[in-house]
Structure formats: C-alpha cells, structure tokens
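What follows is calculated from the coordinates using simple rules that are stated; it is not laboratory data. This one's a predicted model, so the numbers in the text were calculated from it and none came from an experiment. Cβ sites come from the backbone with ideal geometry, for glycine too, and all protein chains shown count toward neighbours.
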Amino acid sequence: MNASGSYTFHGLRLRVSAPDDILRAFHARLASLPPDGIGGYDSPDLLFEVEPGQPFERPEGARPVYDPPLGEVSYDDGCDLLYLQHGPRLRALCEPAAGRVRFSIQAPEQAPEEEDLWVLSHPLLSVPMMELLKRRGLFAVHAAGASLGNRALVLAGTSGSGKSTLSLALARAGFGFLGDDTLFLVRRPEGLRVLAYPDEVDLTEETVSFFPEVEPWLAPSPPGWRKRQIRAEQAFGAPVVWESAPAVLVFPRVSGRSRSEVRPIDSGEALLELAPNVLLTEPGSSQAHLDALAELARASRCYRMETGSDLDEAVRLLHGLLGAP
C-alpha cells in the first residue's frame with residue numbers, strides 16, 4: 001500500500017505516491033519545499049507514482065535523448081513519452097502533457113535495495129521532473145546558486161566541477177541559498193528570474209573536510225548511497241532565496257592549485273556550455289528551454305573560474321564579481 005506526500009514548487013502542486021521506504025527517499029529530496037495545504041493530494045499539477053507491481057515497456061518509437069551511465073533516456077515523439085531505465089530493475093515513464101511520472105521496479109517481490117532507493121530518488125526522479133517543469137515554463141539549469149541583494153550568482157557545471165563546495169562556502173559566508181545542483185529559470189513580466197531548488201547537498205568526504213563545522217548535521221550515508229547529505233539552511237542558517245534576478249554566471253572547475261582565478265567569457269561561449277542542459281524532446285518546449293538559457297547568458301556577466309584550495313579567497317572573488325558594476 002502506498003503512502004503519499006504533497007508539496008508546492010513555485011506555484012505548482014506536487015504529489016508523490018510510493019511505498020514508505022521509497023517515499024522517505026523522495027521526501028529527503030523535497031523536504032525543503034513548502035507542503036501543499038490546498039488540496040494537492042486530490043488535484044496535483046504533477047504526480048509521481050511508484051508502482052512496484054506494474055511493469056511497462058520501452059515505447060516502440062523512442063529515440064535516445066541522453067546517454068546516462070548504466071541506463072537509458074529515450075523519447076517517443078509520436079506518443080510524447082519520456083522513458084528511463086537504470087539497470088535491469090528500475091524504470092520510469094513520464095507523460096509530460098498529463099504531468100505524470102510512473103516508476104516501476106521489476107521483480108517487486110524483492111525489497112528495494114539501498115542502491116535502488118538512490119537511483120529512484122535521484123536520476124529517475126530528477127530527469128522526468130525537469131521535463132515536466134519544462135513543459136510548464138520552468139527551465140532547468142545544472143547549476144548551484146547563491147543570492148545577495150536579490151541578485152543571483154549561478155555556478156553552472158557538471159558533476160565534479162566543485163559546485164557544491166562553492167555553494168556551501170557562499171552559504172557559510174552569508175549568501176542566500178538557491179541550490180547546489182539544479183536551478184530553474186522562469187520568465188516574468190519584469191524579465192528572467194532564477195528559481196531556487198533547495199535540495200539536499202550531496203557531499204564527498206573531500207568536501208566534508210573543508211567544512212568540519214557541519215559534521216553534527218551530516219546524516220550517515222546509507223549503504224549504496226554515494227555521498228553524505230546535508231541541508232545548507234540547517235548547517236549554516238543560510239536563508240533560502242526562492243527567486244532572484246540573474247547577475248553573474250560562473251563556470252567553475254577544480255584546478256588542483258592553491259589559488260583561485262577567474263576570467264571573463266562572452267555570452268556565446270557561456271551558451272555553448274549551457275546548451276547540454278536541454279533534452280531534445282518536444283520541439284516547442286525544447287526551443288523555449290534553449291531560449292531561456294541564452295537569455296540567462298545575455299543577462300549575466302559570464303566567467304570561468306579555476307577553483308583552488310583557498311575557499312575563502314574563492315568566496316572573495318565571487319563576492320567581487322557579484323558586486324561589480
């Protein structure tokens with residue numbers, strides 16, 4: 001029997017229906033979102049359902065749109081379906097127009113393993129959620145973010161680029177927190193805005209070593225989970241800033257050197273870095289996603305950052321970029 005959780009995300013109502021152990025893993029990702037107190041259980045905008053005993057197959061006309069490790073992400077243009085598979089057991093089928101994602105566990109008589117819980121609540125949740133939001137005018141950026149004076153500093157990059165470390169260092173320095181891995185863009189009458197997604201921050205042991213003060217807030221990493229988790233708003237008292245105007249866009253890279261350095265780049269170079277954020281599914285919303293990323297690059301001062309081991313200096317440099325005219 002499934003349990004349910006209901007949340008709001010920038011005006012949209014989300015409902016999750018899953019067995020208790022899977023629901024807890026999903027809730028860890030969504031716990032910072034406000035609860036839905038106005039009937040989201042009965043009439044959600046987005047519905048995520050785990051159906052252990054209801055397998056489904058890959059749509060016949062699906063074409064690959066992303067090449068994840070150990071899995072598949074494909075899209076069927078004719079049926080408007082996004083299909084995901086991870087290993088032999090875990091699948092998800094996203095119906096973007098209906099706002100629905102179904103998750104299936106093959107061999108449901110077997111209890112989900114810890115690795116299954118991580119996959120279900122991370123890649124198999126994140127990719128369909130980004131597609132559903134894209135269809136509703138909220139466009140994902142693989143980025144961390146901080147805010148100062150309602151101006152957003154967006155740290156864009158792939159896993160391993162140092163986004164989480166920098167976002168925690170900025171939170172410790174008094175910046176508002178937007179998120180450590182995924183942000184969203186939306187168009188308002190007054191212009192483009194950056195929306196927060198204050199997910200759990202996943203930390204490697206190396207990142208933990210930079211922040212010894214967070215140890216009391218760290219949950220033990222369950223077997224099969226790849227990193228340890230923390231919430232920046234708890235560990236550092238950093239306020240979540242739900243919406244900010246874009247100001248600075250930085251592409252960090254861990255340099256292995258002692259000193260951090262930044263250099264400016266133009267908006268065209270920045271857009272080339274951002275373009276892989278777009279899943280080439282339905283043409284209209286995919287073009288709108290690319291247009292939003294181009295607008296982010298144009299609206300921001302853009303830089304590359306070679307991040308050294310001097311985190312305090314890195315924060316000083318980023319603060320200076322955000323304060324620059």
- Query: Quick one: of the DSSP bridges fully inside the chain, what percent are antiparallel, nearest 5?
  - Reply: 75 percent
- Query: Is any residue of the range 288-306 close enough, with backbone N under 13 Å, to a label point placed 7 angstrom from the Cα of Arg263 along the Cα-Cβ axis, and if so, which?
  - Reply: 303-306
- Using P(r) over Cα pairs in 10 Å bins from 0, in percent as the read-out, say which of (i) 6, 24, 29, 19, 8, 5, 4, 3, 2, 1, 0; (ii) 6, 26, 34, 25, 8, 1, 0; (iii) 6, 23, 27, 20, 12, 9, 3, 0 was calculated from these coordinates. (ii)
- Cleavage-rule hits, GluC sites (Glu not before Pro), the range 54-131, DSSP coil, Cβ neighbours within 10 Å at most 13: Glu57, Glu60, Glu109, Glu113
- Expressed in nanometres to one decimal, the distance between label points 7 Å along Cα→Cβ at Leu218 and Glu233 is 2.3 nm
- Item | Among Gln106, Gln54, Gln287: highest mean-square fluctuation, GNM of the chain, C-alpha pairs under 10 Å | Gln54
- Message: Please check: in the Gaussian network model of the chain (C-alpha springs, under 10 Å), which one of Pro239, Pro59, Pro283 has the largest mean-square fluctuation.
- Response: Pro283
- Message: Over the chain, with a Gaussian network built from C-alpha contacts below 10 Å, which listed residue (Pro64, Pro212, Pro276) shows the highest mean-square fluctuation?
- Response: Pro212
- Task: Averaging sequence separations of C-alpha pairs under 8 Å and six or more residues apart, then dividing by the length of the chain, give the relative contact order as a whole percent.
- Result: 14 percent
